[in-house]
Every structure is written in C-alpha cells, then in structure tokens.
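*Asks:* One structure, pasted below without further comment.
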Amino acid sequence: MADQRDTGQSGFSAAERAAMKQRAAELREEGKRAKGAEKRAKEAQDCADAIAAMHGADKKIAERLHAIVVEAAPQLEPKTWYGFPSYARDGKVVVFYQPASKFKTRYGTVGFSEDAMLDDGAAWATSFAVLDVTDSVEAQLRDLVRRAAG
C-alpha cells in the first residue's frame, strides 16, 4: 500500500488534515449550540447523519454498533468526534467507529478512549479491527460497550 502522507512539512495526510478540520468545526458548532436536550438531539442527529453518509461495510458496521450501544449502554449519548459516529458519557467520548473509508484503510475500527472502563491489568486493547458484524463479533462488541460504559 502506498504511503498516503503528503510531502509537506505537516507530516499529516490530506485525510488526516480534513479530519482535524472537521473536529475543529465540530468544536465551533458545540460553542454555538443550545444546552441540554436540544444539544443532545442535535448531536444525536449528527451521529445519525454520519452513519447515513457511509457506504458498504462501513455503514453496516456503524449501524450495528449504534444499535448495540443503544441497547447495551443507553446512558451513552451519540455524537460525532472527528466526523466519526461516537458515544459519550458525561460529554467525553467512550466508544467510536472509525470507518475504513475515512483514511482508505483495509478495515474499520471500533475504538475506545481512555475514559472507557476497559482497564485490565497492565495492558489491554483500545481498538478492534472489524470487517463484518457476525454473531460472535456482535457479542464481543456488546460486552466491550457494556464494560466501557461503566
């Protein structure tokens, strides 16, 4: 696979720079938004829109992850984070889906932030490559989401 980094001084690929710009726009929007229920509704819609804009396996995986979070950890609030569908506790992202199409990778990842309650000894995984949501993958994701949510 060819290196997708640019030759400029930033060291970031065009896709990485676009994701950072998207996150900056999300932060600007957050500052303009109303508080409370209206804010949560807008963030949930942004998450749904991010999923709806996906295609193929990315869309299927993001839809299943969304359903899993809603069922297994309804206390997590949907939002976007760097344009990714994500789910937060007390405003901090706990779990997110990074689609393969975002950075032209072979697989999407379900990731967990440092605020996820997955600590297990001295080392543990914080992201999982997902090609398809089979029954066993769904069971694993349900367990991870439940634990991560606390």
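Read-outs throughout are calculated quantities, based only on the coordinates presented, and are distinct from any laboratory measurement. In this text, all values refer to a predicted model and were calculated from it rather than measured experimentally. Neighbour counts run over all protein chains shown; Cβ positions are idealised from the backbone, glycine included.
*Asks:* Just to be sure I understand: if I project the alpha-carbon convex hull of segment 7-84 onto a plane and average over all orientations, what area do I get in nm²? Each step should come with its number before you reach the end.
*Replies:* On the way: hull surface 26.2 nm².
It is 6.6 nm².
*Asks:* Among 61-72, 115-126, how do they line up by average Cβ neighbours within 10 Å per residue, starting with the highest?
*Replies:* Numbers: 61-72: 19.4, 115-126: 11.2.
The peptides rank, most packed first, as 61-72, 115-126.
*Asks:* For the chain, what are the DSSP H helices with axial Cα length of 20 Å or more and mean Kyte-Doolittle hydropathy of at least 0.0? Could you put the intermediate results ahead of the total?
*Replies:* Working: long enough: 14-32 (27 Å, -1.19); 36-52 (24 Å, -0.73); 56-72 (24 Å, 0.12); 135-149 (21 Å, -0.46).
Going by DSSP H runs, the hits are 56-72.
*Asks:* Quick check for the chain: number of Lys pairs with alpha-carbon distance under 13 Å, counting only pairs 8 or more apart or on different chains? Don't jump to the answer; show the numbers that get you there.
*Replies:* On the way: 32/42; 39/79; 42/79; 59/102; 79/92.
Going through the chain pair by pair, I get 5.
*Asks:* In 10 Å bins starting at zero, report the fraction of Cα pairs in segment 14-149 per bin as a rounded %.
*Replies:* 12, 44, 35, 8, 0
*Asks:* Give the Kirkwood hydrodynamic radius (Å, one decimal) of segment 96-150, defined as one over the mean of 1/r across all pairs of different Cα atoms.
*Replies:* Details: mean 1/r = 0.0835 Å⁻¹.
Taking the inverse mean of 1/r over all distinct Cα pairs, segment 96-150 comes out at 12.0 Å.
*Asks:* Before anything else, pin down the relative contact order of the chain: Cα pairs under 8 Å, at least 6 apart, normalised by residue count, whole percent. Mind dumping the intermediate values first?
*Replies:* Working: 196 pairs, mean separation 29.8, N = 150.
Dividing the mean separation by the residue count of the chain yields 20 percent.
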